[in-house]
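Novice: Once you've had a glance at the structure underneath, I'll fire off some questions.
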Amino acid sequence: MAKLYSKSHEWVEVQEGSRARVGVSDYAQKELGDIVFLELPDVGKEFHKAEQFGTIESTKSVSDLFLPLAGKIVAVNQAVIDNPALVNQDPEGEGWLVEIEIEDKTQLEELLSPQDYRSFIAQEH
Amino acid sequence: MLFQTPLYPEHINQGAKLVDFAGWSMPLEYTSMLKEATQVRKMAGLFDVSHMGKIEIKGAQAEKFLQYLCSNDIASLQRGRMQYNLLLNERGGIIDDVMVYNLGSYFLLVVNAACASKDFSWLRVQGEKFEVAIEDKASFYALLALQGKAAAPILEQTLDSAVLTLSYMSCGVFYYSDFGSLLISRSGYSGEDGFEIWVENEFARRLWQRLQEVGRNYHLALCGLGARDILRLEAGYPLYGTDMDEETNPYEAGLGWAVKLEYKDFIGRSSLEKLKRKIRRRRFGFVMKERGFARSGYPILDAAGQELGVVKSGVYSPNLAQFIGNGFLDSEYAVEGKEVFIKIRNKPYLALTKKFPFLKLGVKKEG
């Protein structure tokens with residue numbers, strides 16, 4: 001399944017069933033610059049849609065991470081915690097942040113398709 | 001409106017990320033500030049630092065005037081040499097930290113961009129009592145910094161071997177038909193060997209391009225202000241406006257070595273004589289033992305949670321692969337190896353105090 005995007009520059013990719021991966025977009029990592037620190041939640045924590053679930057820090061700034069849809073954390077990518085530069089290298093692949101159990105799959109419909117996300121970025125610029 | 005240096009078109013061509021710094025549009029980074037800072041310690045980096053202020057002091061009493069305005073001993077500054085100095089107010093607070101060049105017939109002050117107009121006014125007012133002419137020359141020149149162990153071969157190949165006669169903290173004027181008159185010094189803000197080159201605006205882009213061409217064989221990196229900040233903090237050098245201001249005295253900033261109370265009279269001296277005996281806090285480094293980015297303004301705590309001071313500067317050091325920082329600590333904690341905690345988003349993160357510099361520097365201070 002293709003990735004869906006939030007206006008706060010996170011992506012969601014449904015893996016199987018209601019399990020999905022979440023990360024930050026390639027656009028976001030470019031804007032942030034060198035990423036040096038990630039604070040991610042423990043497995044088992046639950047979040048509302050658009051609730052802050054972590055923090056991403058680049059050499060330039062500190063940014064909040066927002067969960068694009070409500071869910072429970074079922075996995076955290078230890079590789080990006082150990083090596084945050086992985087988010088710069090492969091933001092929409094190996095640089096994923098967390099996996100969640102989606103609470104309500106209808107919330108997927110509120111997210112942006114890749115094309116819509118691209119035009120959203122173009123407007124923002 | 002933001003000022004642009006003569007090299008601005010080069011930065012645009014290179015796709016630099018620009019940032020507003022003290023009213024100037026300057027490169028923050030070209031690709032990655034971490035890679036840029038790594039490359040300077042490994043090979044070499046080229047920086048546009050044309051935003052720095054450049055003030056010329058001429059006249060029969062130029063030396064006497066500077067001796068009275070500056071903290072260090074200008075009388076011992078020989079022709080063709082440069083010296084680190086502080087401009088102080090009557091309270092002994094730091095107005096700016098500056099580099100003074102003795103060029104024989106005149107002196108040159110290189111000052112921080114954010115302080116340039118303040119410094120100029122201060123010098124002009126104080127200069128009324130002396131036979132001196134004070135001129136702001138910044139707008140006629142660009143300043144390039146070439147830093148790293150490959151800086152010498154790159155500059156030699158770009159210009160000629162005459163530049164190698166400069167030893168650390170020496171300066172001189174060199175003429176080249178392609179680049180006009182260059183004021184070159186062996187100095188910098190990275191802790192590595194290197195040169196700083198004042199070039200007239202019209203030749204700035206040509207020199208920048210030529211250094212880049214020659215530098216290709218040496219893996220020369222174009223570097224922005226991000227890398228510059230990382231490198232100076234790794235070296236333990238303070239940054240005016242961030243690590244110190246007019247309320248900071250030289251002793252607590254760790255700059256007592258640039259104050260010569262015993263040799264001469266100067267503005268701020270009588271205050272410093274009193275202050276010197278009661279220094280309670282000191283600028284000191286720390287290395288994060290728990291991974292966390294210590295940013296400016298974060299509190300520094302002891303094990304019991306009592307505040308010891310505040311972080312002034314913090315970066316991720318790519319050359320140490322660790323987060324480092326500095327701040328002001330009570331004298332008791334301003335020694336190597338003390339456990340302190342940096343409060344990041346309400347959680348304490350363990351750090352160990354560390355003497356400057358954070359790593360072994362390449363710069364050769366002798367000679």
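Novice: Only one residue in A:Glu51, A:Glu57, A:Glu92 is among the charged types (D, E, K, R), more than 13 Å from the chain's Cα centre (by Cα) and either at pLDDT 95 or above or more than 16 Å from A:Val36 (Cβ to Cβ) (or both), so which one is that? Steps first, answer last, please.
Specialist: Numbers: A:Glu51 fails: more than 13 Å from the chain's Cα centre (by Cα); A:Glu92 fails: more than 13 Å from the chain's Cα centre (by Cα).
Selected residue: A:Glu57, the only one of A:Glu51, A:Glu57, A:Glu92 that is among the charged types (D, E, K, R), more than 13 Å from the chain's Cα centre (by Cα) and either at pLDDT 95 or above or more than 16 Å from A:Val36 (Cβ to Cβ) (or both).
Novice: Something else: Which of the residues that make up the stretch B:313-365 are closer than 25 Å to B:Arg228 by Cα and of a type in the set (Val, Ile, Thr)?
Specialist: Passing the criteria: B:Val315, B:Ile324, B:Ile342, B:Ile344, B:Thr353, B:Val363.
Novice: Another question about this same structure. If the requirement is being modelled with pLDDT under 95 and aromatic (Phe, Trp, Tyr), which of these qualifies: B:Tyr263, B:Tyr251?
Specialist: Numbers: B:Tyr251 fails: modelled with pLDDT under 95.
When all the criteria are applied, what remains is B:Tyr263.
Novice: When you go through A:Phe47, A:Phe53 one by one, which is the residue that is of a type outside the set (A, V, I, L, M), closer than 17 Å to A:Gly95 by Cα and touching a strand residue (DSSP E or B) at 6+ places or on another chain (Cβ under 6 Å)?
Specialist: Values: A:Phe47 fails: closer than 17 Å to A:Gly95 by Cα.
None of the others qualify; the one that does is A:Phe53.
Novice: Among the residues of the stretch A:51-71, what is the count of those that are of a type outside the set (A, V, I, L, M) and under 18 Å from A:Leu111 (Cα atoms)?
Specialist: Within the stretch A:51-71, the subset of a type outside the set (A, V, I, L, M) is A:51-55, A:57-61, A:63-64, A:66, A:68, A:71.
Checking which are under 18 Å from A:Leu111 (Cα atoms) leaves us with A:51-53, A:66, A:68, A:71.
Final tally of qualifying residues: 6.
Novice: Follow-up. Which pairs turn up if I take residues in the stretch B:353-367 that are within 30 Å of B:Asp330 (Cβ to Cβ) and among the aliphatic types (A, V, I, L, M) and look for partners that are exposed (fewer than 15 other Cβ atoms within 10 Å of the Cβ) and at pLDDT 95 or above with beta carbon separation below 7 Å, at least 6 apart in sequence or on another chain?
Specialist: Listed by first residue and then by second, the contacts come to B:Leu359/B:Leu320.
Novice: How about the stretch B:148-221: which strands (runs of 3 or more DSSP E) wholly inside it have at least 3 residues that are crowded, with 18+ Cβ neighbours inside 10 Å? Give the steps one after another, and end with the answer.
Specialist: Values: elements: B:171-176, B:180-185, B:194-200.
Hits in the stretch B:148-221: B:180-185, B:194-200.
Novice: How many of the residues in the stretch B:11-25 are within 14 Å of chain A (Cβ to nearest Cβ) and in contact with a strand residue (DSSP E or B) (Cβ under 9 Å, 6 or more places away or on another chain)? If you could, list the steps in order and put the result at the bottom.
Specialist: Initially, the stretch B:11-25 is screened for residues within 14 Å of chain A (Cβ to nearest Cβ), giving B:15-21.
Going one step further and asking which of them are in contact with a strand residue (DSSP E or B) (Cβ under 9 Å, 6 or more places away or on another chain), we end up with B:16-21.
Here the count works out to 6.
Novice: Scanning the stretch B:257-278 for residues that are surrounded by 12 or more Cβ atoms within 10 Å (Cβ to Cβ) and among the aromatic types (Phe, Trp, Tyr), which turns out nearest to B:Leu87 (Cα to Cα)?
Specialist: If we take residues in the stretch B:257-278 being surrounded by 12 or more Cβ atoms within 10 Å (Cβ to Cβ) and among the aromatic types (Phe, Trp, Tyr), then B:Phe266 is nearest to B:Leu87 (Cα to Cα).
Novice: Next question, about the same structure. Select from the stretch B:271-294 the residues that are in contact (Cβ under 8 Å) with a residue 24 or more places away in the chain and over 30 Å from B:Arg345 (Cα atoms) and list them in ascending order. Step through it out loud before you land on a result.
Specialist: So in the stretch B:271-294, the residues in contact (Cβ under 8 Å) with a residue 24 or more places away in the chain come out as B:271-272, B:275-276, B:279-294.
Once the filter is applied, which keeps residues that are in contact (Cβ under 8 Å) with a residue 24 or more places away in the chain and over 30 Å from B:Arg345 (Cα atoms), the stretch B:271-294 yields B:Ser271, B:Leu272, B:Leu275, B:Lys276, B:Ile279.
Novice: Every residue in the stretch B:285-321 that is in contact with a Ser or Thr (Cβ under 7 Å, 6 or more places away or on another chain), over 21 Å from B:Gly241 (Cβ atoms) and surrounded by fewer than 20 Cβ atoms within 10 Å (Cβ to Cβ), please.
Specialist: B:Asn319
Novice: Which residues, taken from the stretch B:346-358, are under 22 Å from A:Phe37 (Cα atoms) and surrounded by 14 or more Cβ atoms within 10 Å (Cβ to Cβ)?
Specialist: Start the filter on the stretch B:346-358 by keeping residues that are under 22 Å from A:Phe37 (Cα atoms), which leaves B:346-354, B:358.
Result: B:Pro348, B:Tyr349, B:Leu350, B:Ala351, B:Leu352, B:Thr353, B:Lys354, B:Phe358.
Novice: Something else: Report whether or not B:Ala116 is more than 28 Å from B:Tyr8 (Cβ to Cβ), not in a strand (DSSP E or B) and not assigned by TED's automatic domain parsing to the domain that holds B:Met26. Break it down stepwise before answering.
Specialist: Numbers: more than 28 Å from B:Tyr8 (Cβ to Cβ): no; not in a strand (DSSP E or B): yes; not assigned by TED's automatic domain parsing to the domain that holds B:Met26: yes.
Spelling it out, it is not the case that B:Ala116 is more than 28 Å from B:Tyr8 (Cβ to Cβ), not in a strand (DSSP E or B) and not assigned by TED's automatic domain parsing to the domain that holds B:Met26.
Novice: Could I ask something else about it? Cβ-Cβ below 7 Å, separation at least six or inter-chain, first residue in the stretch B:304-319 and within 13 Å of chain A (Cβ to nearest Cβ), second of a type in the set (Phe, Trp, Tyr): which pairs?
Specialist: Matching pairs, first to second residue: B:Gly314/B:Phe293; B:Gly314/B:Phe323; B:Tyr316/B:Phe293; B:Tyr316/B:Phe323; B:Ser317/B:Phe358.
Novice: When you look at B:Val340, is it away from chain A (no Cβ under 12 Å) and more than 30 Å from B:Ser185 (Cα to Cα), yes or no? Let's see the steps before the verdict.
Specialist: Working: away from chain A (no Cβ under 12 Å): yes; more than 30 Å from B:Ser185 (Cα to Cα): yes.
Yes; evaluated as a whole, the condition is true for this residue.
Novice: A further question follows. Can you tell me which residue is surrounded by the fewest Cβ atoms within 10 Å (Cβ to Cβ) among those in the stretch B:322-345 that are part of a strand (DSSP E or B) and among the charged types (D, E, K, R)? Walk me through it before giving the result.
Specialist: The first filter runs over the stretch B:322-345 and keeps only residues part of a strand (DSSP E or B), leaving B:322-330, B:339-344.
Cutting the leftovers down to among the charged types (D, E, K, R) gives us B:330, B:339, B:343.
Working: B:Asp330: 16, B:Glu339: 13, B:Lys343: 18.
Going through the qualifying residues, I end up with B:Glu339.
Novice: Give, as residue ranges, the strands (runs of 3 or more DSSP E) completely inside the stretch A:33-125 that count at least 1 residues that are surrounded by fewer than 18 Cβ atoms within 10 Å (Cβ to Cβ) and either away from chain B (no Cβ under 13 Å) or out of contact with any Gly (no Cβ under 8 Å at 6 or more places or on another chain) (or both).
Specialist: Numbers: elements: A:35-39, A:52-58, A:62-66, A:71-76, A:98-102.
It comes to A:52-58, A:62-66, A:71-76, A:98-102.
The values are calculated or read from the model by the stated rules, or taken from the named source; none is laboratory data. Keep in mind that what you see is a predicted model, and the values were worked out from it rather than measured. Cβ sites come from the backbone with ideal geometry, for glycine too, and all protein chains shown count toward neighbours.
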